[in-house]
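Here the structure is laid out as C-alpha cells; the discussion comes afterwards.
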Amino acid sequence: MKKEDEKLGGWEAEMAETGVDFYSLYELIIEVRWEGEGIEDELEQFFSSFPFTQVGGSGHAADVTLHFAATDTPLKTPYSQVTPLSFYDLSIYEMGGSVYISDGLSSFYAQPQAGMGQITLYGRGKESHRVSKHNLFLVGLFHLLPYQNLYHLHAAGLVRDEKGYLFIGESGSGKSSLSLSLVRQGWRYLSDDVLLFRPSMNGVEALSFRKQFFLDPALSRHYHEISAHLEETPYGDDTKQLFDVESVYPDQFSSNCFPRILIFTRIVPHAESALVPIDRASVMVRLMQQSATLFFNRQVVRAHADALKRLLYQTTHYQLFAGVDLREDPAKISEILGCHE
C-alpha cells in the first residue's frame, strides 16, 4: 500500500464483512459490502434517493465496488497541509489518483481508476442529516462513474412527448421552480438539478441521478399542495427545502431521455421573460462550467469533453431570461416554450 493511501485511510486488508448486496445503475453492476452493527439500516439512506435497483444473488461481475464501515472515532483531516476543494458543503482532497471526501463526520475514500469506494460512517452516520449523507454519496460517485462512461451535469431534465429538455444554470437561476411548474402541468421529470449523461450509438442520453427536488419554500404560494411535503435541510439555509416529488405528483418520474432542447436559465429584473437562440461556441463553454466533474477527473477529461460536444450537436440551444412575469406566474413557462418548439 502506498504511503499516501495509508494517510487517507486506505483499504482494510481483511474486512470483517457482514453482508454483500448487488445493485444495478444503468447497466452497471455495483457490489456493496458492509461491516458493523446496524450499518444495514444506514444503507437505505444512501441508496433511496438514487435510481439504483437491487439485484439478487451472487456471481455478478462488478463494475464498481463500495465498502461501507462504521467507526466511533471522529475523522481526522488527511492532509493538513493541503487546501481542499469545496463542493456541496464537502471537503475534497486529491492525491496520487485517490480522492478523500468528507462532510466533517463521515468520509468517502475513492480509487476511481480501480472502481472502488470506501464509505466510513462516524457513529453509523446518525449524526448526519440524510441530505449530508446524500451529498457525500453523490460526490463520491461523481468521481467513480466517469470511468464507467457516465458523466455529471448540473441541470434539470424534463420530458414532453418523448422530447427531452435540459434546463442548465447556476444554483438560484430558476431551474427547480421551472421544473416544478412543468411537472405540475403534466411533464415527466428526471431531476431538478443533478443529471448523469452518457454517449452511445444512438446519441447522448440524459439519466436521472437525484430524484428529490430542492425548492424555495416560497413556491408554496403558487403550489399549496407542496407545503406539507417540504423538509428542512441541515445547512441553516431556509431558501431551499427538500421535496419528494413522487409524494405529490406520482407516476411522472422518467429515468432517462435523449435531450433535444438545451435552455440556459438566468433570472433578470425585466418585466417580461424572453427565450432567445444562442450560438454553439457559447453553449460549449457553459456546458463545461456546469459539469464540475470535468475538472475533478483529469484522466477522463477528454472523454468527458467529447461527450459534451456530442450533446451540443444533437440539441437546439436557447437562453431563457426569466423576468418578473415568470416569477409571478411560473405556469407561463409552457407558453414561452411553445413559441420555440
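Results, tabulated for the structure shown:
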quantity: Theoretical FRET efficiency, 1/(1+(r/R0)^6), r = Cβ-Cβ of residue 268 and residue 305, R0 25 Å, to 0.05; calculated: 0.25
quantity: Options 137, 196, 324, ranked by Cα towards positive dipole end of the chain, top entry (Cβ charges); calculated: 324
quantity: Accessible-area composition of the chain, carbon plus sulfur, in percent [1.4 Å probe]; calculated: 47
quantity: Only Lys, Arg (+1) and Asp, Glu (-1) charged, at Cβ; the chain dipole about Cα centre in debye; calculated: 1260
quantity: Prolate/oblate/rounded call for region 175-221, Cα gyration tensor, a/c under 1.5 rounded; calculated: prolate
quantity: Additional length obtainable on full extension of the chain from residue 87 to residue 279, 0.36 nm per residue less Cα span; calculated: 66.2 nm
quantity: Extent along principal axes [Cα atoms of region 145-189; Å; largest to smallest]; calculated: 37, 27, 11
quantity: Ellipticity estimate at 222 nm from DSSP helix runs (n ≥ 4, -39,500 (n - 2.57)) divided over the chain, nearest 500; calculated: -6500 deg cm²/dmol
quantity: On Cα atoms only, tilt of 301-313 relative to the major axis of the chain in degrees; calculated: 20
quantity: Dipole magnitude of region 104-194 about its Cα centre (Cβ charges: Lys, Arg +1; Asp, Glu -1), debye to nearest 20; calculated: 260
quantity: Amide hydrogen neighbours beyond the local backbone of residue 194, cut-off 5 Å, H modeled; calculated: 155, 210
quantity: Probe 1.4 Å, protein heavy atoms only - accessible area per residue of the chain in square angstrom; calculated: 45
quantity: Two-decimal Rg/Rh across region 119-273, once Rg and the Kirkwood Rh are taken from alpha-carbon atoms; calculated: 0.98
quantity: Note, ³J(HN,Hα) from phi for region 175-192, Karplus 6.51, -1.76, 1.60, rounded to Hz, x at Gly and Pro; calculated: 4, 5, 5, 5, 4, 4, 4, 6, 4, 4, 8, x, 6, 8, 10, 9, 6, 9
quantity: Sequence ranges 299-310, 189-200, 277-288, ranked by mean other-Cβ count within 10 angstrom, highest first; calculated: 189-200, 299-310, 277-288
quantity: On Cα atoms only, tilt of 130-144 relative to the major axis of the chain in degrees; calculated: 80
quantity: Nearest-20 debye value, region 191-341 charge dipole, Cβ charges on Lys, Arg, Asp, Glu; calculated: 1040
quantity: J(HN,Hα) series, region 280-285, from Karplus relation 6.51 cos²θ - 1.76 cosθ + 1.60, nearest Hz, glycine and proline x; calculated: 5, 4, 5, 4, 4, 4
quantity: Members of 133/240; 163/332; 211/240; 175/309; 309/332 lying beyond 27 Å, as alpha-carbon distances in this model show; calculated: 309/332
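The values are calculated or read from the model by the stated rules, or taken from the named source; none is laboratory data. Everything numeric in this text was worked out from a predicted model, so none of it was measured. Every residue, glycine as well, gets a Cβ built from its backbone with ideal geometry; the counts of neighbours run over all protein chains shown. To get the accessible areas, we keep the full protein, side chains included, count just its heavy atoms, and leave off ligands, DNA and RNA. Shrake-Rupley method; radii C 1.70, N 1.55, O 1.52, S 1.80 Å.
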